[in-house]
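Taking it in order: structure first as structure tokens, then the write-up.
No lab work stands behind these numbers, since they all come straight from the coordinates. Everything quoted here is computed from the prediction, not taken from an experiment. Virtual Cβ from ideal backbone geometry, glycine too; neighbours counted across all protein chains shown.
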Amino acid sequence: MVRQPWDAVRAPRLSPVPRLGMLTRFTDDRFAWLRLTLLGLSGVGYLVLRPHPEETYGAVDWVAAVGALALCPVAVRWPLAGSLGSSLAYLVGACFGQGDPVVPEVGSTWMLLELALRATQRHVVIGTAAVVVTHVVDIWPHLPGKFPNLVFDLLISAGLPLLVGSNIRASRRLARHAEHRATAEAQAARSDERAAIARELHDMVAHHVASMVLRVGVARHVLPATDPRVTEVFDDLHAGGTTALADLRRLVAVLRDPAADGSAYVPIEPDALPDALATTVDRARRAGLTVDATIDPAVTSLDAVRGLAVLRLTQEGLTNVAKHAGPSARATLTVRVNAGAVHWELMDDGGGAAVPTALASTNDGHGLVGMRERVEVLGGSLTAGATGTGWRLATVLPAAEDR
């Protein structure tokens, strides 16, 4: 199984938390107080400025307008109460007032939008019914002549807020689903990589335990007659080692994915690491990449765990350079050992193509989870990002005694 850690870095990905624009922030439930405050202020401004001064406002008109404005703070916590109250204020102003009840009408429309944004479906239906009833009652004496006016009023006062509110709620729901899916994918990637690391570590432990058991078994037969107590110790060591080896193999069998290629988890001996790295580089070159590799001969001093990590990082890194930068890309691989710590770096020129700005700022995709897990298990840290037209991936694996 080949894990490809740069997939999300190089390719567009679905963001777990979508970027919120100004409009989306404004329609968030937390800003209901701001929306309703602006609604109230706009109503006060309309009453103060009176764009139609020739229009007479009687006591009923003022009561309806002020009542609608007074419902703004109420609707912050109880949107259904605010919607029903605004519809009632509009009905009173329309039926008994002398002027055009603009403030209550706009208020009832906006309150219905608040319902569509924040309330349950049942409350939305109730609020919509109230708006429809008030408009029908208002225009009823003029029917059927003004039926087109009624349809237009309902489209604006009920249809528009419902459409906008439903669309925003659907967007929120999709964003939540995307976030949950992204979280699940990240957890799955983390779990898969931890399982892979566990399989590799246990394979290496099993390998060394098997060697110990073999040596103890040989010692029991080739050594001359010894003290029976020493023979008993050898027997105990052999029996205990055999049992431990069997347990480890059972554990590895449980951890290993039957569908995966078992060869991907075979541990590598330190002496074989330079040849394995050279083979990986040669394979990348045969695929068309130009690879400049500088590999410190001291990698033979690494323990099996860090040696395997270096090999996996190199394999996966070069695979993704070929995949994303293209066969014309040039890659530079540097592996050096300094004071027991491994410094590993892989850079490419991107094949000469510019790195898109949107991708250059992305360094936390799901594909990097596996590489980060592998490095962090060994006490290191992974850095990845754009460098000009290409990409750079680097890590430092500390010495075993520093972990």
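Which residues' amide hydrogens lie under 5 Å from the amide hydrogen of Thr387, considering only partners 5 or more residues apart or on another chain, with H built in the peptide plane?
For Thr387, the qualifying residues are Arg392.
When a footprinting reagent is the concern and you count Cβ atoms within 10 Å, what order do Glu105, Glu376 take, fewest first?
Details: Glu105 25, Glu376 12.
The most exposed by this proxy come first: Glu376, Glu105.
Among Val63, Leu39, Ser166, pick out the residue whose Cα is farthest towards the positive end of the charge dipole of the range 22-180, where Lys and Arg carry +1 and Asp and Glu carry -1 on C-beta, about the Cα centre.
Ser166
Need the full-extension length gain, His177 to Thr37, defined as separation in residues times 0.36 nm minus the C-alpha distance. One decimal, nm.
Result: 47.3 nm gained on full extension.
With +1 on the Cβ of every Lys and Arg and -1 on the Cβ of every Asp and Glu, and nothing else charged, how large is the dipole of the range 22-180 about its Cα centre, in debye rounded to the nearest 20?
780 debye
What ³J(HN,Hα) values, in whole Hz, does the Karplus curve 6.51 cos²θ - 1.76 cosθ + 1.60 give for the range 307-317 when θ = phi - 60°, with x put for Gly and Pro?
x, 5, 4, 4, 5, 5, 4, 5, 4, 5, x
Can you tell me how much longer the chain between Ala341 and Arg285 gets when fully stretched, taken as 0.36 nm per residue apart minus their C-alpha distance, in nm with one decimal?
Gain on extension, Ala341 to Arg285, equals 17.4 nm.
Give me the number: length gained by fully extending Ala244 to Ala210, i.e. 0.36 nm times residue separation minus the C-alpha to C-alpha distance, one decimal in nm. Numbers along the way, then the final one.
Numbers: separation 34, 0.36 × 34 = 12.24 nm, distance 0.92 nm.
Gain in length upon complete extension: 11.3 nm.
When ranked by the protection proxy of mean other Cβ atoms within 10 Å per residue, highest first, what sequence do the peptides 340-349, 230-239 form?
Working: 340-349: 20.4, 230-239: 13.6.
Peptide ranking by packing, descending: 340-349, 230-239.
State the dimensionless ratio Rg/Rh of the range 127-196 (Rg: radius of gyration of Cα atoms; Rh: Kirkwood radius).
Using only Cα positions, Rg/Rh for the range 127-196 is 1.49.
Can you pull the percent of Cα pairs in the range 22-180 with separation above 23 Å?
Numbers: 4813 of 12561 pairs.
Every Cα pair in the range 22-180 considered, those over 23 Å come to 38 percent.
Under 18 Å from a point placed 7 Å out from the Cα of Ala81 along the Cα-to-Cβ direction: which residues of the range 119-146 have their backbone N that close?
The answer is 119-120, 123-124, 126-127.
Put a dot 7 Å past each Cα toward the Cβ at Ser328 and Thr300; how far apart are the dots in nm?
The modelled label-to-label distance comes out at 4.1 nm.
Amide H of Ala341 versus every other amide H placed in the peptide plane: which residues, excluding those fewer than 5 positions away on the same chain, fall under 5 Å?
Ala399
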